[in-house]
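The values are calculated or read from the model by the stated rules, or taken from the named source; none is laboratory data. Remember, it's a predicted structure, so these values are computed and weren't measured experimentally. Quick reminder, even Gly has a Cβ in these numbers, built from the backbone with ideal geometry, and neighbours come from all protein chains shown. Side chains are part of the model used for accessible areas, which takes the heavy atoms of the whole protein and leaves out ligands, DNA and RNA. Shrake-Rupley method; radii C 1.70, N 1.55, O 1.52, S 1.80 Å.
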Amino acid sequence: MKLFGYSMREILLLKLFKLGDFLIFFIFITIIILALNYYFHLPKGDYLEISHGNEIKHYSLFQNKILIFDEIEVEINMGKARIKKSNCANQYCIMQGWISKINHSVVCIPNLFKISIKSKMLSYDSTNY
Amino acid sequence: MTAQTINIHQISKFCAIAIILHSAEFFFPTPIFGIKPGIANIIILFTYLKFNFKSAVYVSLIRVFISSLIIGTFITPTFFISLSGAILSLIFLFLCQFLSHKFFSIYTFSMLMGLGHILGQFIIVRMFIIPDDGVFILFPIFILFTFIFSLINAFIVSRLISPSN
């Protein structure tokens, strides 16, 4: 099989690539694997941050509770949370479903409402300086 | 014509190609928002190999400014993301000059440029546009596509440099 005039053997056997390229390949693939590993194993959060209007409130995630704000119902179920009911037109916030991983969040723009999962360990959050 | 005018003529020719590619890419449909092949980088890498680093800087920056004027994103967040990506990828290209050409080919150059591009974009987005750690969720997807597209781009550059097999 020929690809752009090169045989597959030439492509594979250093005709195009030089030795250092494989080093960069290796580093790049390591970064990709580490990033994907982090992506699929995100740490779970510790508490739920709800910002409603100008207020910010914190709730523990490890409880079963339904919180009622003016137009919105938020459900917390042992480590995960969701927006259960809302009066907005498109209902996108409800379609987002459950969130449980750190830094994930659900917003309801018409109601200026946001829930997000946070961790107690804020080691790499530059806004906390 | 003196050597300098020939050089300016060549640089403007490559600028024009880069602007066309960059503008065409903007209107190109992508399955995931924000993932683009970065075909204008082919021209920047080609300019660097054919002339020197200074010409590549000219082509890259002129491309960012002019194509943003054409598309209509001048001084919008899109423009600043594009500019920071281009600047960081040029810094990476500058650092690539010190690598031995015996061991490192244009594949390394292309991959490091792509990495610089993605890092520059992420820095600007995290600092000014979406100041939330949530943006790093996208990082694995972006770095994966950077790897794939920079390999394809480098292959195209290698074909452009030696078209006669």
Legend entry - Flag if B:L69 is farther than 26 Å from B:I137 by Cα, modelled with pLDDT of 90 or more and within 14 Å of chain A (Cβ to nearest Cβ): no
Inset, instruction - Kindly establish whether B:V135 is closer than 18 Å to A:I32 by Cα and open to solvent by less than 40 Å² (accessible area, probe 1.4 Å). - result: yes
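Based on this model, can you work out whether B:L115 counts as within 12 Å of the chain's Cα centre (by Cα), surrounded by 15 or more Cβ atoms within 10 Å (Cβ to Cβ), more than 9 Å from every other protein chain (Cβ to nearest Cβ) and closer than 25 Å to A:F28 by Cβ?
No: the conditions fail for B:L115.
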Legend entry - Any chance B:S12 is among the hydroxyl-bearing types (S, T, Y) and in contact (Cβ under 8 Å) with a residue 24 or more places away in the chain: no
Inset, instruction - Tell me the strands (runs of 3 or more DSSP E) entirely within region A:19-77 that contain at least 1 residues that are loosely packed, with under 12 Cβ neighbours inside 10 Å and more than 14 Å from every other protein chain (Cβ to nearest Cβ). - result: A:55-60, A:64-68
Legend entry - Evaluation of B:I71 against (1) more than 17 Å from B:G38 (Cα to Cα); (2) in contact (Cβ under 8 Å) with a residue 12 or more places away in the chain; (3) among the aliphatic types (A, V, I, L, M) (one fails), failing number: (1)
Legend entry - Top-ranked residue in region A:56-80 [being closer than 21 Å to B:D133 by Cα and of a type outside the set (S, T, Y); ranked as modelled with the lowest pLDDT]: A:G79
Legend entry - Which listed residue, of B:S60, B:S89, B:S105, is in contact with a Lys or Arg (Cβ under 6 Å, 6 or more places away or on another chain) and either within 14 Å of chain A (Cβ to nearest Cβ) or open to solvent by less than 10 Å² (accessible area, probe 1.4 Å) (or both): B:S105
Inset, instruction - Grab the helices (runs of 4 or more DSSP H) fully contained in region B:55-165, keeping just those with 2 or more residues being more than 17 Å from B:F14 (Cβ to Cβ), of a type in the set (S, T, Y) and in contact with an Asp or Glu (Cβ under 7 Å, 6 or more places away or on another chain). - result: B:106-124
Legend entry - Odd one out for B:G34, checked against (1) at pLDDT below 85; (2) open to solvent by less than 60 Å² (accessible area, probe 1.4 Å); (3) not in a loop (DSSP other than H, G, I, E, B): (3)
Legend entry - Any chance B:L160 is under 20 Å from B:A86 (Cα atoms), more than 7 Å from chain A (Cβ to nearest Cβ) and under 20 Å from the mean Cα position of the chain (by Cα): no
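Any residue at all in region B:158-165 that's surrounded by fewer than 17 Cβ atoms within 10 Å (Cβ to Cβ), on the phi > 0 side of the Ramachandran plot and at pLDDT below 90?
Yes, because at least one residue in region B:158-165 is surrounded by fewer than 17 Cβ atoms within 10 Å (Cβ to Cβ), on the phi > 0 side of the Ramachandran plot and at pLDDT below 90.
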Inset, instruction - Kindly list the number of the only condition in (1) aromatic (F, W, Y); (2) open to solvent by 40 Å² or more (accessible area, probe 1.4 Å); (3) more than 15 Å from B:I35 (Cβ to Cβ); (4) more than 7 Å from chain A (Cβ to nearest Cβ) that fails for B:F149. - result: (3)
Inset, instruction - Confirm whether B:P77 is surrounded by fewer than 21 Cβ atoms within 10 Å (Cβ to Cβ), out of contact with any Leu (no Cβ under 6 Å at 6 or more places or on another chain) and under 16 Å from B:L160 (Cβ atoms). - result: no
Inset, instruction - Kindly indicate whether A:I83 is in a helix (DSSP H, G or I), at pLDDT 90 or above and surrounded by 12 or more Cβ atoms within 10 Å (Cβ to Cβ). - result: no
